[in-house]
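Colleague: Take a look at this one; I'll ask things after.
Only the coordinates and a few stated rules stand behind these numbers; no lab work does. Quick caveat, the model's predicted, so the values are computed rather than measured. Note that we place each Cβ from the backbone using ideal geometry, even for glycine, and neighbour counts take in every protein chain shown.
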Amino acid sequence: MSKITINDIAKEAGVSKTAVSFAFNDPGQLATTTVEHIHAVAERLGYSPDPIARSMTTRRTNALGLLLPQDIASAMQNPFYAQLIRGIGHICNDAGKTLMIVPPLRGSRLKAIPHATVDGFIVVGLEVDRGEVVMLRRRSVPFVIVDSVAPDDVPSVNVDDRSGARAAMRHVLELGHRTIGVVCIESGKPGGRKEYTGTLGERLLGYCEALDEFAISPDDPRVCFVEAPSSWQGGREAFEALWGHEHRPTAVVAMSDILAIGVLETARDFGLTLPDELSLVGFDDLPDARLMRPALTTVRQPVEEKGRLAAELLVAAIDGDAPVQHRVLPTELIVRGSVIQIG
């Protein structure tokens with residue numbers, strides 16, 4: 001069978017090709033009865049609009065893009081992204097949008113952007129001095145930044161990372177721990193934690209503020225900072241580095257739950273009894289956190305709500321009908337069984 005075209009629809013419906021185009025791309029130009037008649041004819045003939053041709057006409061794809069910092073396989077190993085996508089999905093459903101997951105192309109988010117047929121992006125962990133921001137601005141593509149500081153004219157959604165991290169470290173210190181491993185999310189910067197900005201910078205600052213409350217310097221040899229990719233394997237590598245350190249920690253504070261879970265399971269592989277021989281705190285409160293043994297003490301952030309708000313702000317930015325907003329959501333320390341009193 002030959003492909004049904006708008007010419008066939010127009011002939012069968014007794015209208016012009018322009019009317020058919022309006023019926024699918026700008027129905028407000030036609031009477032409701034005309035639109036319904038054209039759609040009925042199209043359905044009877046088995047016609048479906050070509051999405052590429054339609055987007056060229058409307059200059060819209062009806063798709064939101066989620067620009068990831070990692071390849072899809074690595075990102076999906078972290079339950080954080082499942083929760084974030086769930087929140088985005090609620091808004092996509094309500095707004096009649098689809099979602100395209102956009103990983104780095106050959107290791108570069110900059111290369112991925114031009115190939116994504118979307119109306120705008122939710123960008124996770126993108127620092128404002130990166131080339132991606134320049135490209136998105138140059139292409140006049142709406143975008144919302146999640147988990148990073150945004151320019152004044154770019155919407156953003158963050159959480160109170162600083163107070164959450166401060167509460168996590170303070171909890172460990174209040175229970176007597178002084179030999180502490182801090183597992184930081186790898187930044188990729190040559191200066192390591194000295195060059196942290198955005199979310200990583202805020203969490204690091206919170207940890208250091210709590211240490212300062214107890215008159216402990218971040219440079220104290222009993223406090224060991226290590227960097228690792230935010231993954232289970234990253235947590236494993238971090239534990240091995242900390243356990244080989246001159247001052248073995250009695251507690252580990254991790255910048256993400258997935259890192260903490262990697263630390264926990266690797267410590268158990270090394271024969272440690274948790275929390276008796278090692279206490280542990282995460283950040284996120286992923287669903288797996290309460291299922292671990294011991295259940296993981298962690299900082300709860302509303303990940304699903306973060307995704308929902310980011311998608312709402314992006315839809316508004318695409319429609320151009322809302323002021324720029326910078327939303328900061330609260331965090332909460334959730335005390336479970338993975339930290340014990342010592343000393």
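Colleague: Within segment 96-196, list the trypsin sites (Lys or Arg not before Pro) lying in a DSSP loop whose Cβ has at most 11 other Cβ atoms in a 10 Å radius.
Modeller: On the way: sites: 97, 106, 109, 111, 130, 137, 138, 139, 162, 166, 170, 178, 193, 194; in loops: 97, 106, 130, 139, 178.
Counting only loop positions with at most 11 other Cβ atoms within 10 Å, the trypsin sites (Lys or Arg not before Pro) in segment 96-196 are 106, 139.
Colleague: Just how far, in whole angstrom, is segment 72-140 from segment 165-188 if you go by their alpha carbon centroids?
Modeller: 30 Å
Colleague: Another one. Assuming 0.36 nm per residue, please report the length gained on full extension of the stretch residue 138 to residue 270 beyond their Cα-Cα distance.
Modeller: Full extension of this stretch gives 42.4 nm more.
Colleague: Now for a different question. Roughly how tilted is helix 303-319, in degrees to the nearest 10 and between 0 and 90, from the longest Cα axis of the chain?
Modeller: For 303-319 against the chain, the angle is about 40 degrees.
Colleague: Work out how much length residue 4 to residue 288 would gain on full extension: take 0.36 nm times their residue separation and subtract the Cα-Cα distance, in nm to one decimal.
Modeller: 97.2 nm
Colleague: Show me the ranking of peptides 146-152, 255-261 by mean Cβ neighbours inside 10 Å, starting with the highest.
Modeller: Highest to lowest by the protection proxy: 255-261, 146-152.
Colleague: Here is a follow-up. Pop the C-beta distance of residue 12 and residue 93 into the FRET formula with R0 = 30 Å and round what comes out to the nearest 0.05.
Modeller: On the way: r = 33 Å, r/R0 = 1.10.
Efficiency at R0 = 30 Å is approximately 0.35.
Colleague: Taking the Cβ of residue 292 as the center, what net charge do the other residues with Cβ under 13 Å away carry, scoring Lys and Arg +1 and Asp and Glu -1? Walk me through the numbers on the way to the answer.
Modeller: Numbers: positive: 268, 290, 293, 336; negative: 257, 265, 284, 285, 288.
Net charge around residue 292: -1.
Colleague: Would you calculate, for the chain, the mean residue ellipticity at 222 nm contributed by helices, counting each DSSP H stretch of 4 or more residues as -39,500 (n - 2.57) and dividing by all residues, to the nearest 500?
Modeller: Per the formula, -13000 deg cm²/dmol.
Colleague: Roughly what percent of Cα-Cα pairs across segment 161-302 reach past 17 Å?
Modeller: 54 percent
Colleague: Who wins for biggest fluctuation among 65, 234, 320 in a Gaussian network model of the chain, springs between alpha carbons below 10 Å?
Modeller: So, out of 65, 234, 320, the one fluctuating most is 320.
Colleague: Just want to confirm a number: the relative contact order over the chain, from Cα pairs under 8 angstrom separated by 6+ residues, in percent. Working shown, then result.
Modeller: Numbers: 647 pairs, mean separation 61.5, N = 343.
About 18 percent, as a whole number.
Colleague: Given R₀ = 41 Å, what would the calculated FRET efficiency be for residue 179 paired with residue 115, taking r from the Cβ atoms and rounding to 0.05?
Modeller: FRET efficiency, residue 179 to residue 115: 0.25.
Colleague: Rounded to the nearest 5, what % of DSSP beta bridges with both residues in the chain are antiparallel?
Modeller: Of all bridge pairs located within the chain, approximately 10 percent are antiparallel.
Colleague: OK, next. So what's the net charge close to residue 250: Lys and Arg +1, Asp and Glu -1, counting the other residues with Cβ under 11 Å from its Cβ?
Modeller: Once positives and negatives cancel, what remains is +1.
Colleague: Pull up the cross-link candidates among the aspartates and glutamates for residue 97, meaning alpha carbon to alpha carbon under 15 Å and not fewer than 8 places away within one chain.
Modeller: Filter leaves 119, 312, 319.
Colleague: Tell me which label goes with the value of volume of the Cα convex hull per residue in Å³ computed from the coordinates here: [x] 163; [y] 135; [z] 125.
Modeller: [x]
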